[in-house]
1. Step through the table entries K110/K171; K39/K171; K46/K174; K103/K125; K171/K198; K125/K198, compare each Cα-Cα distance with 32 Å, and write down the pairs that go over it.
2. How big is D for the range 93-202, in µm² s⁻¹ as a whole number, if Stokes-Einstein is applied with the Kirkwood radius of its Cα pairs at 4 °C and 1.567 mPa s?
3. GluC sites (Glu not before Pro) within the range 100-202: which are DSSP loop residues with at most 15 other Cβ atoms inside 10 Å?
4. What per residue convex hull volume, in Å³, comes out for the range 87-141 when only alpha-carbon positions are used?
5. Within straight cross-link reach of K202, meaning Cα distance under 13 Å, which aspartates and glutamates are found once same-chain residues fewer than 8 apart are removed?
6. What do you reckon, how do D109, D40 stack up by accessible area (1.4 Å probe), largest on top?
Amino acid sequence: MKKLLLASTIALFGMVSAQSAGFEGTAFVTGQVGFSSTKDNNDNAKSSTITVLPAMGTFISPNIAIGGALGVKSTTEESTNSLLTSTYKNTNTEFIVMPMVRKYWGLGDKLYIFGQVDAPLAWGKQKNESTGNTSTETKYSSWGLNVRPGLDFFVSKNWTFEATVGSVGFKSVKPEGGKSTDTFDFGVNLSSITFGVKYLFK
């Protein structure tokens, strides 16, 4: 699986662009601010996720940019068992540092595609609470490597709308004092689609 991820990265950045993006020396500010919420009326369960992940970068060549993101992600899950009159609440909060590199290919004056390779590092805390003030808390750390395709559309000289769609990725999560859990993911789903606004300047 790791070999497939490495091969995908090499293939992505080994492609030849038919049209150079021509952004060398340009810096940019972008990022994600997101909120999602779900509710299951069958078992009285609900969850919500808040993500704030601003990013900065600079083009070191006409079509290659390097940068990084810094932010937080918080997820809360709650459920109620009406038969046992018990409630459960799980809260997961993590601090994220994510270096990244992108390569752009021009499809015209306003539309570009890009390939992004990022390596998110996270430190988090998961707290589980239930009726009777019973609670447990677990700290963890994680690292990963992802390859993401994306689109960038210019609405003006300095502003763009961008999106990444799907990913090929590997993630390893290690709880404090425990063994790691490794996950390999390949595919496109709603949780792997991100949208953002980017500002470019020199």
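The values are calculated or read from the model by the stated rules, or taken from the named source; none is laboratory data. Predicted model, so just to flag it, every value in this text is computed and none were measured. We place every Cβ from the backbone using ideal geometry, glycine too, and count neighbours over all the protein chains shown. Surface accessibility is based on the protein's heavy atoms, side chains included, excluding ligands, DNA and RNA. Shrake-Rupley method; radii C 1.70, N 1.55, O 1.52, S 1.80 Å.
1. Working: K110/K171 34 Å; K39/K171 27 Å; K46/K174 26 Å; K103/K125 34 Å; K171/K198 27 Å; K125/K198 30 Å.
Beyond 32 Å: K110/K171; K103/K125.
2. Working: Rh = 16.4 Å.
D, rounded to a whole number, is 79 µm²/s.
3. Numbers: sites: E129, E137, E162, E176; in loops: E176.
Within the range 100-202, the qualifying GluC sites (Glu not before Pro) (loop, at most 15 other Cβ atoms within 10 Å) are E176.
4. Details: hull volume 5.7 nm³, N = 55.
With only Cα atoms used, the range 87-141 gives 104 Å³ per residue.
5. E24
6. On the way: D109 140, D40 60 Å².
Largest to smallest exposure gives the sequence D109, D40.
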